1. Met134 to Thr187: extension gain in nm, 0.36 nm per residue of separation minus the Cα-Cα distance?
2. For the chain, give the magnitude of the charge dipole about the Cα centre (Cβ charges: +1 Lys/Arg, -1 Asp/Glu; no others), in debye to the nearest 20.
3. How much of Glu69 can a 1.4 Å solvent probe reach, expressed as accessible area in Å² and rounded to 10?
4. Counting each DSSP H run of 4 or more residues in the chain as -39500 (n - 2.57), what helix-only mean residue ellipticity at 222 nm follows after dividing by all residues, to the nearest 500 deg cm²/dmol?
5. Can you give the FRET efficiency to the nearest 0.05 for Met1 and Ala76, using r as the Cβ-Cβ distance and R₀ = 45 Å?
6. Over what distance in Å are the Cα centres of segment 1-60 and segment 88-140 separated?
7. For Asp19 and Ala264, calculate 0.36 nm times their separation in residues minus their Cα-Cα distance, and state this gained length in nm to one decimal.
8. Report, as a whole number in µm² per second, the diffusion coefficient that Stokes-Einstein gives for segment 1-117 at 4 °C and 1.567 mPa s using the Kirkwood radius over alpha carbon pairs.
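The values are calculated or read from the model by the stated rules, or taken from the named source; none is laboratory data. Predicted model only: the values in this text are computed from it and were never measured. A quick note on method: Cβ atoms are made from the backbone with ideal geometry, for glycine too, and the neighbour counts reach across all protein chains shown. In case anyone asks, the SASA skips ligands and DNA or RNA and just uses the protein heavy atoms, side chains included. Shrake-Rupley method; radii C 1.70, N 1.55, O 1.52, S 1.80 Å.
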Amino acid sequence: MWKCAGLRWSADGPALMWDGGRRSALPRGKRVAFAVPEGGVRTCAGARGHACPVGAVVPGRSTGARCEECARLDRAHSVAADTVADDPRPYRVYLAWFGPGMVKVGITALERGPARLLEQGAVCFSWLGTGPLMAARRTEELLRAALRVPDRIPYAQKRAVRSALPGTEAERAAEVRELHARAVALTAWPESLRPEPCHVTDSAGTFGLTGAPAAVGEIVELVPGGAVRGDLVAAAGPDLHLAAGGRGVVVLDTRLMTGWELLAPEPVAAGCTFPVREFRREPDGLF
């Protein structure tokens, strides 16, 4: 049995990581198949590279996969949790677009390049400026206050709009370009933050979303005795879109895999026996 350590994005694309350093690349078309053994339990993933000292059991629907104490320790020295103020590295402020009406502002270390955007499933993005950590934080807060731009968008909302994205790069980039222009026009920018011109990077092709069949639902948790077997048609952020036989395409949030010991399923046809929540579809008319 292999224990999942999450999904990572790099220039080569997404890959599942496993305890012990093993890595499974995820090119499109790859068959993804695994099962949770009968009687299996999900244990805490630990914090900052260290195992959970008590091996706590965590809920199947938790995307954090950590017990309360390990979650606290993991966030105790975290830029994302705003508990670090003295990081000397340069940071970038970005605008990320996930679908119509869904643009957020965020920051990432310059050395990480676009990895943070791929991890979040940003369909397109543009850099806004570069500077010290606290200047980047102040700029992020400026956009939230002056332009009402959020710094978080729930993954459930991102998934819900992927099947109805605009068809061209120009259409997908329009909201980012408009918001970038409004942002650089603000007068209260920190002096130490260097503005960057709008250059929208489109990741729809990288994710495989262009022309991919629409997903019909999402796996809500892994359960003992359950299994999934399907071909990878798209991957965005932590999500794998799997063609699971007669069920259609289902989305698997790989954060739900962390902490489970997994094994190969019986050699059966594509399908999914984990609980799936169907996406709501808007009616075509009044009736």
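1. Values: separation 53, 0.36 × 53 = 19.08 nm, distance 1.76 nm.
Between Met134 and Thr187, full extension yields 17.3 nm more.
2. Values: 36 positive and 31 negative charges, 21 e Å.
For this selection, approximately 100 debye.
3. 90
4. Numbers: 6 runs with 56 residues, N = 287.
One gets -5500 deg cm²/dmol as the mean residue ellipticity at 222 nm.
5. Values: r = 31 Å, r/R0 = 0.69.
Taking R0 as 45 Å, the efficiency between Met1 and Ala76 is 0.90.
6. One Cα centre to the other: 26 Å.
7. Values: separation 245, 0.36 × 245 = 88.20 nm, distance 1.62 nm.
This chain segment gains 86.6 nm when fully extended.
8. Answer, rounded: 76 µm²/s.
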